[in-house]
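A quick write-up on the structure given underneath.
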Amino acid sequence: HRLKTAAPAGTLSRIGAILGGGTTEQVRLIGEYFEGVGTAFQIMDDVLNLRGLYTTEADRKEGVQLKKLGEDLEAGKVTIPVVKAITRLPKEEM
């Protein structure tokens, strides 16, 4: 999951820090920070996919979604919430 959003965010921020003349420590820290932001974004994206995402209550009533409910599950994608749920299953159920 790190490769979906965290790694690109960290890499791009490091490039920006290098181009901006940051010290080695600043480059490292900004990269770590944005990897965390990327991970947080991915978790939110995965959770919203489980719930569906509507822009307004009117959209909800009409069934208009920004993120289709369960789209990742339908596509067979392994998401962070799914991995966490699987790790809680008894071994004989896996």
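Listing for the model above:
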{"quantity": "5 angstrom amide H check on Lys67, placed H, neighbours 5+ away", "calculated": "Leu53"}
{"quantity": "Peptides 81-93, 58-70, 9-21 ordered by average Cβ neighbours within 10 Å, highest first", "calculated": "9-21, 58-70, 81-93"}
{"quantity": "Cα pair distances of the range 6-94 binned at 10 Å [whole percent]", "calculated": "16, 28, 26, 22, 8, 1"}
{"quantity": "Rounded to whole Hz, the Karplus (6.51, -1.76, 1.60) HN-Hα couplings of the range 50-60, x for glycine and proline", "calculated": "6, 9, x, 9, 10, 7, 9, 5, 4, 4, 4"}
{"quantity": "Charge dipole (debye, nearest 20) of the chain; +1 at Cβ of Lys and Arg, -1 at Cβ of Asp and Glu", "calculated": "120"}
{"quantity": "For the range 33-48, Karplus couplings with θ = phi - 60° (6.51, -1.76, 1.60), whole Hz, Gly/Pro x", "calculated": "4, 6, 5, x, 4, x, 5, 4, 4, 5, 4, 4, 4, 5, 5, 4"}
{"quantity": "Under Karplus coefficients 6.51, -1.76 and 1.60, residue-wise ³J(HN,Hα) of the range 22-28 in Hz, glycine/proline x", "calculated": "x, 6, 4, 5, 5, 4, 4"}
{"quantity": "Mean residue ellipticity (222 nm) of the chain, computed from DSSP H runs ≥ 4 via -39,500 (n - 2.57), nearest 500", "calculated": "-19500 deg cm²/dmol"}
{"quantity": "Full-stretch length increase - Leu53, Leu19 - with 0.36 nm per residue and alpha-carbon distance subtracted", "calculated": "8.6 nm"}
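Each value in this text was obtained by applying a stated rule to the coordinates, not by laboratory testing. Computed from a predicted model, the values in this text were never measured in an experiment. Cβ coordinates were reconstructed from backbone atoms using ideal geometry, including for glycine residues, and neighbour counts include every protein chain displayed.
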